[in-house]
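Down below is the structure, laid out as structure tokens.
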Number of protein chains: 2
Amino acid sequence: MTLRDVAELAGVSSRTVSNVVNGYANVTERTRLRVQQAVDQLGYRPNVLARNLARGRSGQIAVVVPYLDTPYFSELLQGIIRAARVQGYNVLIDQTDGDREHERMLINHGSSRLLFDGVIFSPLGLSQQALADRDPDLPLVVLGERVSDGTFDHVGIDDVTASRQATEHLLDLGRTRLAAIGDQPYETGEAAQLRTRGFREAHERRGLPVREDLVIGTPRFNRVDGAGAMAHLLDRDDPPDAVFCYSDLVALGAIHTLVGRGLRVPEDVAVIGYDDIEDGRYSNPPVTTISPDKEMIATTAVERLLLRIGSATAPPGLELRAPHRLVVRESTAGRRAG
Amino acid sequence: MTLRDVAELAGVSSRTVSNVVNGYANVTERTRLRVQQAVDQLGYRPNVLARNLARGRSGQIAVVVPYLDTPYFSELLQGIIRAARVQGYNVLIDQTDGDREHERMLINHGSSRLLFDGVIFSPLGLSQQALADRDPDLPLVVLGERVSDGTFDHVGIDDVTASRQATEHLLDLGRTRLAAIGDQPYETGEAAQLRTRGFREAHERRGLPVREDLVIGTPRFNRVDGAGAMAHLLDRDDPPDAVFCYSDLVALGAIHTLVGRGLRVPEDVAVIGYDDIEDGRYSNPPVTTISPDKEMIATTAVERLLLRIGSATAPPGLELRAPHRLVVRESTAGRRAG
DNA sequence: CATGCTGTTTGCAGCGCTGCAAAATCGTAG
DNA sequence: CTACGATTTTGCAGCGCTGCAAACAGCATG
């Protein structure tokens, strides 16, 4: 069942059938109808493989995330898949586990050419330098907290501001001993560092000192890390009365520890998270959080990537900021927020 | 940078380069070395598009799930992706939202041929009949609770037994008023119905009557459904003292409602879930659950699918059962389980 | 009725690889 | 030294489609 078969039945050239199938301009209504009829009659469906080869494009984009089972990413992915499909693109999903080598390979087109036409990439293990050293011909959009060097687009929210707002929210509640869970003071921890900066800024604005001993690092941003760090904090002489967690998962882990120790949230310790994942809305108590506009991030990323793929000369790398907002729930405001 | 370029540099035919690149047998060590050197020198990487066209296979499999942000699926997906990659296959992920039409399209090769060589499918909206009416040439492995009609493989756990065990666990705790949340007494709700059957069997074995008014249906298996159904149950004159939830998400939603109403879990109401998602381990309290061996399900599904793809004559459709176990946590056993 | 114009259709080459079968090479035995 | 089987290498065709540019309308104009 090839173009040629359809062409024969319709009494036109195969090139014309191709034109019809692809909705190209300049086809008479008469021929279009005749071809369409033949297509329907034979149940013809184009062979993507051949099309891809001829076009030199795969019609696929890769989305590279560190972890797939992280709700934040799977929620984001849904938006990306939807947006890509609308444009006739398929999405290949890749999980790197933050593995540096794996990440490097992927932004260099993987092990074979043309599997995907571009990448939406959420780096974890990769340094800014490694990003710069990538295959320059592979269209790239970066998510998260990197800064564009001008050769790719970067989509994210304003982390420093968001983190400052989160911290200010805790201060507004009258809390005085604020902890932060999730700092990563090393090269690849830029995301975390921006949040720490926001945390500090909030203190500075109020003229308050940062309780340095309550700023805790974690290797990742999930429940276990949060639970462990919280336990650590509670063992201090002067434990915190509020915690800024660098992700909702961390917050859920922290709450888990708190409740496990018989402490009340938020009465004894207020907890704020980051990401606004669905779990946080149905936890006990529901988690106050910074909510990035994920839909916007997803569509913007896809849009920019396809633009890059489509244009012969690479457009300049943009810094794109999606909006975010503070969503107050019970984990800081208490029952009245529910 | 094509095979031909490499061939020229190495002084062999392009076919030989192809043989080397693909690790085919019958290549002298000497030539292999020479070719490999040329490959490295030129940084040659095969063009997957061309390879796919020539081979008539895309090297991709589609995984079709109803919802991507459901932790159960994203956890399963990770295993599938890993298993597929090992075999040199890529995974295309598709979310259907349970849409019947979308599902039907996908098990008929989508809108174009050869995008994927086979499908791992977790049906939701599709009836048994629709499954049977699919494109018979598309290798298919079904996950979940369908029964194979002999033309595809089916991988799942023994839902009836698992559900019976879950229910028996509640009865063992001395609970007498058992509720079940998640029944779906209609054509496409087979998964739910098997669980309800297990729920009944447990009662029958003990010679106890099923409290029919405490068997609650829900359209889906997530938090909101669980929260709503639980609220509903608590408004009864004679509310349950134990609840069997047909997914962990439902259980989390139910617990949310319970705690919100000031009830204690498990003292007032014991809650058991299904799926053993990570969230359930870090919730308050941690959720007792039926834990399917997801790793096993994933690898089995991939293995069987690739076998189908590889063999000219379709192998018989198998019913494959992955093991499961009951994991007891605090939501039924109380603090001592933690 | 020739001319030029726009709009439509066509033919051909080729994307880069692999399947197939033939050709070349090698090693061994007669 | 020749013949033969086994192994290694090669040549060719073609997967099914699209890019390109040429060919062919159809139509209005001079």
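The values are calculated or read from the model by the stated rules, or taken from the named source; none is laboratory data. Everything numeric in this text was worked out from a predicted model, so none of it was measured. Note that each Cβ is placed from the backbone with ideal geometry, even for glycine, and that neighbours are counted across all protein chains shown. Note: areas computed on protein heavy atoms with side chains; ligands, DNA, RNA excluded. Shrake-Rupley method; radii C 1.70, N 1.55, O 1.52, S 1.80 Å.
Select, from A:Arg220, A:Arg211, the only residue that is more than 30 Å from B:Arg264 (Cα to Cα) and in contact with a strand residue (DSSP E or B) (Cβ under 7 Å, 6 or more places away or on another chain).
Criteria check complete, one pass: A:Arg211.
Kindly establish whether B:Val6 is out of contact with any Phe, Trp or Tyr (no Cβ under 7 Å at 6 or more places or on another chain) and more than 8 Å from chain A (Cβ to nearest Cβ).
Against the criterion (out of contact with any Phe, Trp or Tyr (no Cβ under 7 Å at 6 or more places or on another chain) and more than 8 Å from chain A (Cβ to nearest Cβ)), B:Val6 does not qualify.
Could you tell me which numbered condition A:Tyr274 fails, if it satisfies all but one of (1) in contact with a Lys or Arg (Cβ under 8 Å, 6 or more places away or on another chain); (2) surrounded by 22 or more Cβ atoms within 10 Å (Cβ to Cβ); (3) within 14 Å of another protein chain (Cβ to nearest Cβ)?
With (1) in contact with a Lys or Arg (Cβ under 8 Å, 6 or more places away or on another chain); (2) surrounded by 22 or more Cβ atoms within 10 Å (Cβ to Cβ); (3) within 14 Å of another protein chain (Cβ to nearest Cβ) applied to A:Tyr274, the lone miss is (3).
Can you tell me which residue among A:Val39, A:Val86 is among the β-branched types (Val, Ile, Thr) and within 16 Å of DNA strand C (Cβ to nearest atom)?
Every option except A:Val39 fails the conditions.
For residues in region B:123-141 being at pLDDT 85 or above and touching a helix residue (DSSP H, G or I) at 6+ places or on another chain (Cβ under 7 Å), which is least open to solvent (accessible area, probe 1.4 Å)?
B:Val141
Checking the structure you have, find out if any residue of region A:236-254 is modelled with pLDDT under 95, within 25 Å of A:Gly334 (Cα to Cα), surrounded by fewer than 18 Cβ atoms within 10 Å (Cβ to Cβ) and within 14 Å of another protein chain (Cβ to nearest Cβ).
no
Within the set of pairs 6+ apart or on separate chains, which have a first residue in region A:135-155 that is closer than 13 Å to A:Val302 by Cβ, a second that is of a type in the set (Asp, Glu) and open to solvent by 20 Å² or more (accessible area, probe 1.4 Å), and C-beta atoms under 9 Å apart?
A:Asp153/A:Glu319; A:Val155/A:Glu319
When region A:29-44 is examined, which residues are found to be over 12 Å from A:Val12 (Cα atoms) and not aliphatic (A, V, I, L, M)?
Selection gives A:Glu29, A:Gln37, A:Asp40, A:Gln41, A:Gly43, A:Tyr44.
If I ask for residues that are more than 8 Å from DNA strand D (Cβ to nearest atom), under 44 Å from the mean Cα position of the chain (by Cα) and among the basic types (Lys, Arg), which ones from region A:1-57 would you list?
Residues satisfying the conditions are A:Arg32, A:Arg57.
Of everything in region A:66-94 that's open to solvent by less than 20 Å² (accessible area, probe 1.4 Å) and in contact with a strand residue (DSSP E or B) (Cβ under 6 Å, 6 or more places away or on another chain), which residue is nearest to DNA strand D (Cβ to nearest atom)?
Among residues in region A:66-94 that are open to solvent by less than 20 Å² (accessible area, probe 1.4 Å) and in contact with a strand residue (DSSP E or B) (Cβ under 6 Å, 6 or more places away or on another chain), the one nearest to DNA strand D (Cβ to nearest atom) is A:Ala84.
How many of the residues in region A:107-121 are free of Cβ contacts under 8 Å to residues at least 60 places away in the same chain and either surrounded by fewer than 23 Cβ atoms within 10 Å (Cβ to Cβ) or outside the structural domain of A:Val147 (by TED's automatic domain parsing) (or both)?
Residues in region A:107-121 being free of Cβ contacts under 8 Å to residues at least 60 places away in the same chain and either surrounded by fewer than 23 Cβ atoms within 10 Å (Cβ to Cβ) or outside the structural domain of A:Val147 (by TED's automatic domain parsing) (or both): 8 in total.
Do you know which residues across region A:60-83 are at the interface with chain B (Cβ under 9 Å from one of its Cβ atoms) and not in a helix (DSSP H, G or I)?
If the condition is that a residue be at the interface with chain B (Cβ under 9 Å from one of its Cβ atoms) and not in a helix (DSSP H, G or I), then A:Gln60, A:Tyr67, A:Leu68, A:Asp69, A:Thr70 are the ones that fit.
Based on this model, can you work out whether B:Tyr44 counts as assigned to a loop (DSSP other than H, G, I, E, B), near DNA strand C (Cβ under 8 Å from one of its atoms) and within 13 Å of chain A (Cβ to nearest Cβ)?
yes
Do we find a residue being away from DNA strand C (no atom under 11 Å from the Cβ) and outside the structural domain of A:Ala298 (by TED's automatic domain parsing) anywhere in region A:65-74?
no
Hey, can you tell me all the residues within region B:167-194 that are assigned to a helix (DSSP H, G or I) and under 23 Å from B:Ala298 (Cα atoms)?
Within region B:167-194, B:Glu190, B:Ala191, B:Ala192, B:Leu194 meet the criteria.
When A:Glu190 is evaluated against the numbered criteria (1) in the same structural domain as A:Pro316 (by TED's automatic domain parsing); (2) out of contact with any helix residue (DSSP H, G or I) (no Cβ under 6 Å at 6 or more places or on another chain); (3) open to solvent by 40 Å² or more (accessible area, probe 1.4 Å), which criterion, by number, is the only one it fails?
(1)
Given the criteria in contact with a helix residue (DSSP H, G or I) (Cβ under 8 Å, 6 or more places away or on another chain), within 14 Å of chain B (Cβ to nearest Cβ), open to solvent by 10 Å² or more (accessible area, probe 1.4 Å) and outside any loop (DSSP other than H, G, I, E, B), does A:Leu53 qualify?
So A:Leu53 fits the description; yes.
Quick one: A:Arg177 ticks every box in (1) open to solvent by 20 Å² or more (accessible area, probe 1.4 Å); (2) more than 20 Å from A:Leu233 (Cα to Cα) except a single one, so which number is it?
The single condition A:Arg177 does not satisfy is (2).
For region B:293-319, which residues satisfy the criterion of being away from chain A (no Cβ under 14 Å), open to solvent by 10 Å² or more (accessible area, probe 1.4 Å) and under 13 Å from the mean Cα position of the chain (by Cα)?
Answer for region B:293-319, where residues must be away from chain A (no Cβ under 14 Å), open to solvent by 10 Å² or more (accessible area, probe 1.4 Å) and under 13 Å from the mean Cα position of the chain (by Cα): B:Asp293, B:Met296, B:Thr299, B:Thr300.
Keeping to region A:90-105, report how many residues are within 12 Å of another protein chain (Cβ to nearest Cβ) and outside any loop (DSSP other than H, G, I, E, B).
8
Which ones in region A:21-36 are farther than 24 Å from B:Asp135 by Cβ and either open to solvent by 80 Å² or more (accessible area, probe 1.4 Å) or within 11 Å of DNA strand C (Cβ to nearest atom) (or both)?
Correct list: A:Tyr24, A:Ala25, A:Asn26, A:Val27, A:Thr28, A:Glu29, A:Arg30, A:Thr31, A:Arg32, A:Leu33, A:Arg34.
For region B:2-20, name all the residues that are closer than 29 Å to B:Ala84 by Cα and loosely packed, with under 13 Cβ neighbours inside 10 Å.
Result: B:Arg15, single match.
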